[in-house]
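The structure under discussion appears below in the form of structure tokens.
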Amino acid sequence: MTPSTNRRHLLKLATAAASTLWLPRSAWSQARFSGNPFALGVASGSPTHDSLVLWTRLVQTGLFGSSTLGTAPLTVRWEIADDEGFTRIVQSGQAQALAELAHSVHVEVAGLAPDRWYFYRFMAGDAVSPVGRTRTFPAPDAPASRLRLAYASCQRWEHGYFSAWRHLRDDQPDVVLFLGDYIYEYPGAPNAVRQPTGGWVLTLDDYRARYALHRSEPELQAMHAACPWLVTWDDHEVQNDYAGLTPGNSGPPVADFAARRAAAYQAFYEHMPLRASVLTQALAGLASGAEMRIYGQIPFGRLATLYLLDDRHYRDPQVCNRNGRFGSGMVDPERCPSWDDPQRTLLGAVQEQWLDRAFEQAAGGATWNVVGQQTLFGRRDFRPGPGVTLWNDGWDGYEAARGRLTDSLQRHRLANPVLLGGDVHENWVGHVKADYARPDSAALGVEFCGTSITSRAAAADNFAALLAENPHFVFADNTRKGYGLVDFTPKHLTTTLRVVDDVTRRDTRIETLARFTVQAGRPVIEAA
């Protein structure tokens, strides 16, 4: 099969699998399962005011690699209801779980009522899935009094247990914004709490197995079943520090990195509640070098517009690493001739233009404009005193691109920008500045970059000095793990940093590390 034919084939499969099928009972594939086919749970995501995606993947209990379910499509029935007892079913139907897509199911349910909570479940053969709870957003032109959004990232299996998700479920968010590093491609870690199965993750079967391993965690399953998710990726869904079609710096080299990335992207789609439309613009699909578009925007009534970005797929490679090696590093910009190259991009030209148009069209719209992206946005100078040392893998390594984004914020006078990030495994809270080289430059918005679910932070003995060197940040912490909660109202937002005691214990407790407020129309962070 040629790459072009493969693109069309996979796109056709994904579109067919996402469609609702109305089949007579005699046409159902009555598979017999040796164990629970819903061992990876259920999930929902990609919500709008009248639609969302329901997800599951059929497996055999304990089976996290290649499947014994055969190659024929399997019929999965689904129901969505107003009540948990399913006495008031709103819609139902059947979908196909295809072997080519790891027997995953992505049901795109449309025609739902806005601003409404629902319950859903799947059936296959005689098996019934756990019940999931999900919701639609308010209509774009409707008032909304409240939104509780959780943001989280970076859940490395070997660094700890996923207990933070259990506590987040108790906090009852309306939506989870996951900002990348859902899996890690490593075979293990020094001083590991537990070891993942399968060694280095390199092939499609490897990626499928690693996602299934994570999805087997009860706490993560329960959080997926509690509310809809919006998801983007960072580097470890493919390889540490990769940039576009340039490989990263971890693990054994592969002969065809584009093929490896395509396999990783396919596995990401198979395990996330995403629409089939993310697979393509025009005829692009899951083949070597092809695009899988995951960036976009979603209104939450007139209260907020959520923008979800992708800073891995389209970026230029990092510059000025020692010995020209791939990946990231610490760089003195004064010794890097290409550092300020205006042509370098983190988001890619097409995504940059899309975001600029979205900001332009947002004038007079929602109260809050919330940008979910992978990493720390503000400058983080690692060298105390004179001179600057910056990390070239984040926005610091793409200063011209960051300048274009802040210029867009100013040019369109975007109302109340809020940037959310992850990646660095630390909590950072600060102001988005017009010019980070000038401490007195205008604050354009606010930033909350979250810690990890489990992933360890780099050692930093001089962390207090690091914070002092970067005064646009008002708070930072490099020790605690957890997630962030942002409560939006028409008048203000409140961000709560929630952290667990000890990620090496399943029974770890949760507490509030810090809390901050921002008044609408005034980009100033205040301790609450």
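For the set Asp407, Asp332, the ranking by accessible area, highest first and with no ligand, DNA or RNA atoms included, is Asp407, Asp332 under a 1.4 Å probe. To the nearest ten degrees, helix 349-361 and the longest principal axis of the Cα atoms of the chain are 90 degrees apart. Helix 204-215 and the longest principal axis of the Cα set of the chain meet at an angle near 90°.
Can you tell me, using C-alpha contacts under 8 Å and at least 6 residues apart, the relative contact order of the chain as a whole percent?
RCO, the chain: 14 percent.
Charge dipole of region 422-528 (Cα centre as origin; +1 on each Lys and Arg Cβ, -1 on each Asp and Glu Cβ, all else neutral): 300 debye, rounded to the nearest 20.
Under a 5 Å amide H cut-off, with hydrogens placed 1.01 Å from N, Val432 pairs with Leu444, Gly445, Val446, Glu447 among residues at least 5 apart or on other chains. Ellipsoid fit via the Cα gyration tensor, the chain: semi-axes of 36, 26, 22 Å, each the root of five times an eigenvalue, largest first.
With respect to the chain, whose longest principal axis is taken over its alpha-carbon atoms, helix 3-18 is tilted by about 70°. If the viscosity is 0.692 mPa s and the temperature 37 °C, what Stokes-Einstein diffusion coefficient in µm²/s follows for region 165-262 when Rh is the Kirkwood radius over Cα pairs? Using the Kirkwood radius from Cα pairs, D works out to 221 µm²/s.
Just by accessible area at a 1.4 angstrom probe, what is the order of Val486, Val90 from largest to smallest?
The ordering from most to least exposed comes out as Val90, Val486.
In terms of accessible area, using a 1.4 Å probe and ignoring ligands and nucleic acids, Thr367, Thr305 rank largest first as Thr367, Thr305.
Region 474-493 and region 229-262 have Cα centres separated by 29 Å.
In the chain, the portion of solvent-accessible area held by carbon and sulfur atoms comes to 51 percent [1.4 Å probe, whole percent, DNA, RNA and ligands not counted]. Region 499-515 and region 308-350 have their alpha-carbon centroids 35 Å apart.
The values are calculated or read from the model by the stated rules, or taken from the named source; none is laboratory data. Everything numeric here is computed off the predicted structure, so don't read it as measured data. Cβ sites come from the backbone with ideal geometry, for glycine too, and all protein chains shown count toward neighbours. To get the accessible areas, we keep the full protein, side chains included, count just its heavy atoms, and leave off ligands, DNA and RNA. Shrake-Rupley method; radii C 1.70, N 1.55, O 1.52, S 1.80 Å.
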